[in-house]
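Data block below; observations after.
The values are calculated or read from the model by the stated rules, or taken from the named source; none is laboratory data. Everything numeric here is computed off the predicted structure, so don't read it as measured data. Using ideal geometry, Cβ is built from the backbone for each residue, glycine included, and neighbour counts are taken over all protein chains shown.
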Amino acid sequence: MIISHSRRFTFVHIHKTGGTSIEKALDPYLTWQDLILGGSDFGEKLQQPYSAKFRLHKHSTVADIENICGAEYVDGYFLFAAVRHPVSRACSLYNFAASTLNKWAKNQGIGLSEVASHITKEAAKKKPGLKWASSRALMATANFSEFIRHENVSKAPAFRPQVRSLQSATSEKLKGQFLRIEDHVNWTMDLGKRLGVEIRLPRANASTVKLIDEQSVNENDRRYVETLFREDYEAFGY
């Protein structure tokens, strides 16, 4: 999340939509009066204290910002967010959960399939990613099809409809401008002009383990995701 007072814009970072790349691209242009939570190295350092004291964090929603900071930073600033095709986003979450668990597994000298049997309370305390709903879902399933249907994954913030992050606190109306990350070559220059900066999106927060991609998702799973995220398909033109 970014609230830039110097350039009067607010960026809402929706899970698994390329938001870290956008934050890293904008971070060099922020000044002392701007707030960035997550994304950049500085933003990651700020996230914990702001979350603890103000309940603001990397993925704060439009409603969070309205309730905690004030509606002026939603209605009076240029508000925007990146969105992603729901199938691609589900694949990204699956790969991200696998990458998180695999990194820990390598440090323990075990395989990815052995993670669940090696997690202790102490390990989970040291590595919060082991307790994420998406991580628990991945450990409990054998493939992508089972993963997207598991009860735990429905609790993962990155598996809720993207429209939820853009809805106002006082209504279900969506606020701000959405930018489809798949079309970034078409909007990067215009966004830069709107903000008064030059935007070059880096590839950031990429999964190190790739178990699936959008092209390999079968038709049954596509229909399931389309049904589950019908609001996103309709709101963002997918």
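Annotations
Listed here are the residues, each with its yes/no results for (1) over 28 Å from Phe11 (Cα atoms); (2) in contact with a helix residue (DSSP H, G or I) (Cβ under 6 Å, 6 or more places away or on another chain); (3) modelled with pLDDT of 95 or more; (4) β-branched (Val, Ile, Thr).
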position: Ile199; (1), (2), (3), (4): no, yes, no, yes
position: Ser207; (1), (2), (3), (4): no, yes, no, no
position: Asn218; (1), (2), (3), (4): yes, no, yes, no
position: Asp221; (1), (2), (3), (4): yes, yes, yes, no
position: Val225; (1), (2), (3), (4): no, yes, yes, yes
position: Glu231; (1), (2), (3), (4): no, yes, yes, no
position: Gly237; (1), (2), (3), (4): no, no, yes, no
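- Glu72 meets the conditions (1) under 17 Å from His5 (Cα atoms); (2) outside the structural domain of Arg180 (by TED's automatic domain parsing); (3) among the acidic types (Asp, Glu) in every case but one. The failed one is (2).
- Output for region 4-23, where each listed residue is of a type in the set (D, E, K, R) and either in contact with a His (Cβ under 7 Å, 6 or more places away or on another chain) or assigned to a helix (DSSP H, G or I) (or both): Glu23
Conditions (1) among the small types (Gly, Ala, Ser); (2) surrounded by fewer than 20 Cβ atoms within 10 Å (Cβ to Cβ); (3) not in a helix (DSSP H, G or I), marked per residue:
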site	(1), (2), (3)
Ala25	yes, no, no
Pro28	no, yes, no
Gly39	yes, no, yes
Ala52	yes, yes, no
Asp64	no, yes, no
Ser88	yes, yes, no
Lys103	no, yes, no
Lys106	no, yes, no
Ser113	yes, yes, no
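- Filtering region 70-122 to residues that are within 24 Å of the chain's Cα centre (by Cα) and hydroxyl-bearing (Ser, Thr, Tyr) leaves Tyr73, Tyr77, Ser88, Ser92, Tyr94, Ser99, Thr100.
- Residue check for Phe96: assigned by TED's automatic domain parsing to the domain that holds His184 and of a type outside the set (D, E, K, R): no
- Considering region 186-238, the residues that are under 23 Å from Asp41 (Cα atoms) and of a type in the set (S, T, N, Q) include one that is surrounded by the fewest Cβ atoms within 10 Å (Cβ to Cβ), namely Thr208.
- Every residue from region 121-169 that is among the aromatic types (Phe, Trp, Tyr) and either over 27 Å from Arg180 (Cα atoms) or in a helix (DSSP H, G or I) (or both): Phe144, Phe147, Phe159
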